[in-house]
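The values are calculated or read from the model by the stated rules, or taken from the named source; none is laboratory data. What you see is a predicted model, and the numbers here were worked out from it, not measured in a lab. A quick note on method: Cβ atoms are made from the backbone with ideal geometry, for glycine too, and the neighbour counts reach across all protein chains shown.
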Amino acid sequence: MQVKKKKFYGLDFDRKKIIGNFIVDFYIECLGLIIEIDGEIHQYQEEYDEKRTAYLESLGLIVYRISDERVCFSMETVLVNLRDFIIKTFEN
């Protein structure tokens, strides 16, 4: 809800976007930024996640990961950290 309808700094977040053979949680096309929300299962599939991230990065995309716990319990902090990451990564 926090990122729907360009509420987050006017950015358009595509949810459940298909990229290659993968479905990413969120994609901001104008930045080439993928946002992945990692649940507990990701602890057991580190090798898969690494290969997936390497593939996405080979397309020139940037992958930003957030734990689902942080999203559930600290959404304000998650949004501030995401904003700061975007500013740091994309400021020119």
* Structure fact -> Exactly one of TYR9, TYR55, TYR48 is at pLDDT 95 or above and of a type in the set (Ser, Thr, Tyr), and that residue is TYR55
* Asked: Give me the pairs: first residue in the stretch 59-70 and among the acidic types (Asp, Glu), second residue assigned to a strand (DSSP E or B), beta-carbon distance under 9 Å, and six or more apart or on different chains, which are they?
  -> ASP68/ILE37; ASP68/ASP38
* Scan the stretch 18-31 and give yes if some residue there is of a type in the set (Phe, Trp, Tyr) and either within 18 Å of LEU82 (Cα to Cα) or in contact (Cβ under 8 Å) with a residue 60 or more places away in the chain (or both), otherwise no. => yes
* Subset of the stretch 58-84 [of a type in the set (Phe, Trp, Tyr) and at pLDDT below 95] -> PHE73
* Which one is modelled with the lowest pLDDT, of the residues in the stretch 14-41 that are under 12 Å from the mean Cα position of the chain (by Cα) and over 15 Å from ARG65 (Cα atoms)? -> ASP14
* Evaluate the following for LYS6: is it on the phi > 0 side of the Ramachandran plot and free of Cβ contacts under 8 Å to residues at least 12 places away in the same chain? => yes
